[in-house]
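Input: a single structure, listed below in structure tokens.
The values are calculated or read from the model by the stated rules, or taken from the named source; none is laboratory data. Since the structure is predicted, the reported quantities are computational estimates derived from the model, not experimental observations. All Cβ positions, even for glycine, are placed from backbone atoms using ideal geometry, and neighbour counts span all protein chains on display. SASA here: full protein model, heavy atoms, side chains in, ligands and nucleic acids out. Shrake-Rupley method; radii C 1.70, N 1.55, O 1.52, S 1.80 Å.
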Amino acid sequence: MLWKPLGHGLGLRREHNAEILGGAPGVDWLEILTENVMVAGGNPRRVLRAVRERYPVVLHGVSMSLGSIDTLDEQYLDTLAELVREVEPAWVSDHLCFARVDGKSVHDLWPIPYNEESLAHVADRVSRVQDRLGRRILVENVSSYVSYRASTMREEEFLAELARRADCGLVLDVNNVYVSAKNHGFSAEAYLDAIPVDRVGQFHLAGHSDCGTHLLDTHDNPVCDDVWALYARAVARFGRVSSMIERDGNIPALGELVAELDRARAIERDVLAEATRHAG
Ligand SMILES: [Fe+2]
């Protein structure tokens, strides 16, 4: 296994800093938003160092813009490489998307067309980032609301081939698969089945909002039952994989999120026990 299972973790949110630093039971590891800790001094970096003393951490970015046709941001990569040296995260991840156009950030994670040309482009960029950081990165599937006429392959085929060509890992965001499957009318189960088992290093779970005409990836409410069911299916396919919940709005008390982590633990335990029974 390329990526050691860390258990069940959370994205660090400042509302929970004090409790986390006090040693929160039920939180096995923390995902840190890379862009929050890129300045060398200051409080976010101080908190990160303190958190790192107690927990495994991973760095999750939104600015690498792997799918952009802008050149890679060398300054960003230099700063990230320095951060990685200091923090020694279990891994570094970012998204399959473009987040920059003509040097300007779009402050969002926009999907790219899936075809041979974009695959070669993104695989080259992932390889160059990995060379720079001296380690494999994990690339995450985004939720999307548009698709492109220029696409000639399915997103899951693209990710599978990207992982192979660039020799990178994947963050499988189970909620994003669900949201995009509903929005575009594809099978979330078939999506999971097309992702290579040995490339998935992490799962994301989150809540979304139903806007009637489409689902919106809002991260502001609990994980819904359908996404829990898809998580069970993911555990059945990919086994024990580090799992975490992303919550970015309506941040609840830490205990509420730990209760969701416990639900994830129970699902993982039951699914793996069932798999063992079938194997035996
Ligand atoms: Fe995610």
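A few remarks follow.
- Heavy-atom accessible area per residue - the chain, 1.4 Å, Å²: 45 Å²
- Within the listed set Met64, Met244, Met153, the Gaussian network model of the chain (springs between alpha-carbon atoms below 10 Å) gives the highest mean-square fluctuation for Met153.
- Projecting the Cα atoms of Ala163, Ala279, Leu215 onto the charge dipole of the stretch 148-280, computed from C-beta unit charges around the Cα centre, puts Ala279 farthest toward the positive end.
- Dipole of the chain, positive end: most advanced residue of Leu133, Val197, Trp110 [Cβ charges, Cα centre]: Leu133
- Summing +1 for each Lys or Arg and -1 for each Asp or Glu among the other residues whose beta-carbon sits under 13 angstrom from that of Pro56 gives -1.
- Check: the chain dipole with +1 on Lys, Arg Cβ and -1 on Asp, Glu Cβ, in debye: 640 debye
- About its Cα centre, the dipole of the stretch 119-236 is roughly 520 debye, where the only charges are +1 on Lys and Arg Cβ and -1 on Asp and Glu Cβ.
- For Gly207, neighbours were defined as the other residues whose beta-carbon sits under 10 Å from its Cβ, and their charges (Lys and Arg +1, Asp and Glu -1) total -4.
- Rounded accessible area of Lys4 (nearest 10 Å², 1.4 Å probe): 150 Å²
- Lys, Arg +1 and Asp, Glu -1 on Cβ, resulting dipole of the stretch 1-129 about Cα centre, debye, nearest 20: 520 debye
- Working from Cα pairs under 8 Å separated by at least six residues, relative contact order for the stretch 122-280 is 19 percent.
- Low-density loop cleavage sites - chymotrypsin sites (Phe, Trp or Tyr not before Pro) in the stretch 1-106, where at most 11 other Cβ are within 10 Å (DSSP): none
- Qualifying trypsin sites (Lys or Arg not before Pro) for the stretch 127-158 [loop in DSSP, other Cβ within 10 Å: at most 16]: Arg135, Arg149, Arg154
- Listed residues Tyr178, Tyr148, His95: farthest to the positive end of the dipole of the chain (Cβ charges): His95
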